[in-house]
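Okay, so here's the structure we're looking at.
The values are calculated or read from the model by the stated rules, or taken from the named source; none is laboratory data. Values in this document were obtained by computation on a predicted structure and should not be read as measured data. Neighbour counts run over all protein chains shown; Cβ positions are idealised from the backbone, glycine included. Accessible surface is based on the protein model in full, side chains and every heavy atom, while ligands, DNA and RNA are left aside. Shrake-Rupley method; radii C 1.70, N 1.55, O 1.52, S 1.80 Å.
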Amino acid sequence: MITNIIIVKDLVKKFGSFVANDHLTFEVRKGEIFGFLGANGAGKTTAIRILCGLSFPTSGELSVAGYNVYTQREKIKQNIGYMSQKFSLYDDLTIFENIRFYAAIYGLSRKDIDNRAEILMKKLNLEDARNKLIRDIPLGWKQKLAFSVAIIHDPKIVFLDEPTGGVDPITRRQFWDMIYEAARNGITVFVTTHYMDEAEYCDRVSIMVDGRIAALDTPVALREKYQARNMNEVFLKLARAQTKEVA
Amino acid sequence: MAVSVDVQNLSKNYGDVEALKEISFSVKKGELFGFIGPDGAGKTTLFRILATLLLADSGTATVEGFDVVKDYRKIRKIIGYMPGRFSLYQDLSVEENLTFFATIFGTTIEENYNLVKEIYSQIEPFKTRKAGKLSGGMKQKLALSCALIHKPEVLFLDEPTTGVDAVSRQEFWEMLKRLKAQGISIIVSTPYMDEAGLCDRVALIQDGSIMQISTPEKVVESYPLELYTVDSADIYRLLHDLKKLPGAASVFAFGQSAHLSFQKGKLSREGVLDYLSKTGHKEVQVKPVKPNIEDCFMELMQKG
């Protein structure tokens, strides 16, 4: 049976007279990798902030992990993980301190924290580097660690906002291996990216244009529908139809 | 052909970190030259040295024949530099920013309007808006206009397309091609491997070293392995199984397919098909494929 872990119905978000999200309606299925694509300024960040319980919608019905975005925002925050390229780890804390910090924020017990930290460092081959400051480790390590930390509390959903920007192509693929693994362990993955080959790795993809969802389907179905060889062509066809610059 | 930028054995360390390790290259006049590599490869350090904002530890660099240390004042007059981070005045309007940069270089918007017209006209309807309030794509166009307004001979663009969506990225490269047609030498860096094909020549850079310098075509031609694209109904399991295939040199996901490389003679298409049928894969396809820059980059990374 398919259960929907995110349900969005007629989401509208306005900033003054500007409509950033214009009646968005979509569902995300439990355990899927859901790609959330769109041009700069299409309204992706606005929608993600609402789904994460950081901002109120102007109107619409939304439920995230079974909780209401108007009345149960703290519950939502406890049940999701979040990682962005910009905000990830504390540069002047060590690897171990960062893990402990995030685990504690998510309310894990002392014993649990130590256990999970050890498992995590072992998995990432970081045992010998545990006391290194984040600022001294390579970007690729940081990103893998940031992702692991974002799911250290076994959230129902993890939101990844351009998680692979700027990393080398091998690390980028290793990162996607981790995403697949998380999805196989039942975590729903909600991801944005500007790399169109990564859109192909998603179970389903939505493409936002001008505050609306212009298309939503599996990559295979989208390629067929728009008679495109790959997702890059699908994206260009949809996004290029719109020429208006958005503020 | 005349040289625009010449760099010999350039090194720069930050404490224990070797940001640039004795790199050498030269860019011809009128060339569109790309530095392709991930964050931390040394691209920004190199651009800052060439823009005379940072001193190298050793080695030499010249821009249009001027030395980056001795003649830095002359260099600053003839280059346009667009740093990776948006560095215009956020609380000045679009027009004020452009006027500011024109004035600093002793010119006016009117005098060089021709050069920026095509780019600037797209943001001109918003010329009274504060730069800080622009969208990503518009900021990028304004930054490029400001870097161009004094009619530079050489343009340094440090990751102009990072964080920019696929549509705007394509438009940006179309603009660069037209600038090149006006005779400006352009040195651009990017972490997006697919942009390499749009340059005349590229340097693939990783961990402070240049792994290869060539035309994009020759980079691809020099790929030393056999490369196949492999499909299966279950791509996740396919990647895992292919990694266990004896003789495989590398296995990487590429969109909906996997790219499998091996040394000539080590494996065959039939062998791969046989292995995949034994491991229970369905809807299998194995086809030879021409490598792209990303395949080449990863191959070079693994060698290094």
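For the reader, a short list of remarks on this structure follows.
- A Gaussian network model of chain B, with springs between Cα atoms under 10 Å, assigns the largest mean-square fluctuation among B:Thr161, B:Thr52, B:Thr128 to B:Thr128.
- Heavy atoms of B:Asp274 accessible to a 1.4 Å probe, total area in Å² rounded to 10: 70
- For the stretch A:1-151, the per residue solvent-accessible surface stands at 51 Å², with DNA, RNA and ligands left out and a 1.4 Å probe.
- Converting phi to 3J(HN,Hα) with the Karplus coefficients 6.51, -1.76 and 1.60 and the offset θ = phi - 60°, the stretch A:65-74 yields 6, x, 10, 7, 6, 8, 10, 10, 5, 5 Hz in sequence order, with x at every glycine or proline.
- Taken as Cα centroids, the stretch B:122-163 and the stretch B:235-304 sit 42 Å apart, rounded to the nearest whole angstrom.
- Normalised contact order of chain B, rounded percent, pairs of Cα under 8 Å and 6 or more residues apart: 19
- Total accessible surface hidden between B and A, rounded to 100 Å², 1.4 Å probe: 2800
- Of the residues A:Ser148, A:Ser109, the one with the largest accessible area comes first in the ranking A:Ser109, A:Ser148, computed with a 1.4 Å probe on protein heavy atoms.
- For the stretch B:223-303, a crude dipole built from +1 on the beta carbon of Lys and Arg and -1 on the beta carbon of Asp and Glu, taken about the Cα centre, is about 180 debye to the nearest 20.
- Among A:Lys123, A:Lys13, A:Lys75, residue whose mean-square fluctuation peaks in a GNM of chain A (springs only between Cα atoms under 10 Å): A:Lys123
- Extreme residue, positive dipole direction of chain B, given options B:Leu20, B:Ser268, B:Tyr89 (C-beta unit charges): B:Tyr89
- DSSP-loop trypsin sites (Lys or Arg not before Pro) across the stretch B:43-107, with at most 16 other Cβ within 10 angstrom: B:Lys70, B:Arg85
- By a 1.4 Å probe calculation restricted to protein chains, A:Tyr67 has an accessible surface near 50 Å², given to the nearest 10.
- The shape of the protein assembly as shown can be summarised by an equivalent ellipsoid whose semi-axes, obtained from the alpha carbon gyration tensor, come to 38, 31, 25 Å from longest to shortest.
- Amide proton proximity set for B:Gly40, modelled H, under 5 Å, gap of 5+: none
- Anisotropy class of the stretch B:60-136 from Cα gyration tensor, a/c 1.5 cut: prolate
- For the stretch B:223-303: rounded, prolate or oblate by the Cα gyration tensor [a/c cutoff 1.5]: prolate
- Percent carbon-and-sulfur accessible area, the stretch A:1-110, ignoring ligands, DNA and RNA, probe 1.4 Å: 51
- Loop chymotrypsin sites (Phe, Trp or Tyr not before Pro), the stretch B:11-46 (other Cβ atoms within 10 Å of the site Cβ: 10 or fewer; DSSP): none
- Surface listing: A:His23, B:His150 arranged by accessible area from highest to lowest gives A:His23, B:His150, probe 1.4 Å.
- For the stretch B:195-204, 3J(HN,Hα) computed residue by residue from phi via the Karplus equation (6.51, -1.76, 1.60; θ = phi - 60°) reads 7, 4, x, 8, 9, 5, 9, 10, 10, 8 Hz, glycine and proline entered as x.
- Calculated accessible area for chain B comes out at 45 Å² per residue, all protein chains present (probe 1.4 Å; ligands, DNA, RNA ignored).
- Interface residues of the stretch B:161-184, defined as those losing at least 50 Å² of solvent-accessible heavy-atom surface relative to the isolated chain (probe radius 1.4 Å), are listed as B:Asp165, B:Ala166, B:Val167, B:Gln170.
- Phi angles of the stretch A:174-191 translate, via the Karplus equation with coefficients 6.51, -1.76, 1.60 and θ = phi - 60°, into HN-Hα couplings of 5, 4, 5, 4, 5, 5, 4, 4, 4, 5, 5, 8, x, 7, 6, 10, 10, 10 Hz per residue; Gly and Pro are given as x.
- Surface accessible to a 1.4 Å probe, A:Asp168 within the full protein complex, Å²: 20
- The base-10 log of I(q)/I(0) for chain B, evaluated at q = 0.08 Å⁻¹, reads -0.44 [Debye formula, identical scatterers on Cα atoms, solvent excluded].
- Loop-located GluC sites (Glu not before Pro) in the stretch B:1-110, at most 16 other Cβ atoms within 10 Å (DSSP): B:Glu110
- GNM top mover of A:Lys111, A:Lys156, A:Lys14 - chain A, alpha-carbon springs below 10 Å: A:Lys111
- Helix-only [θ]222 nm of the protein assembly as shown, DSSP H runs n ≥ 4, -39500 (n - 2.57) each, per residue, nearest 500: -10000 deg cm²/dmol
- Alpha-carbon centroid distance for the pair the stretch A:189-238 / the stretch A:20-46, whole angstrom: 11
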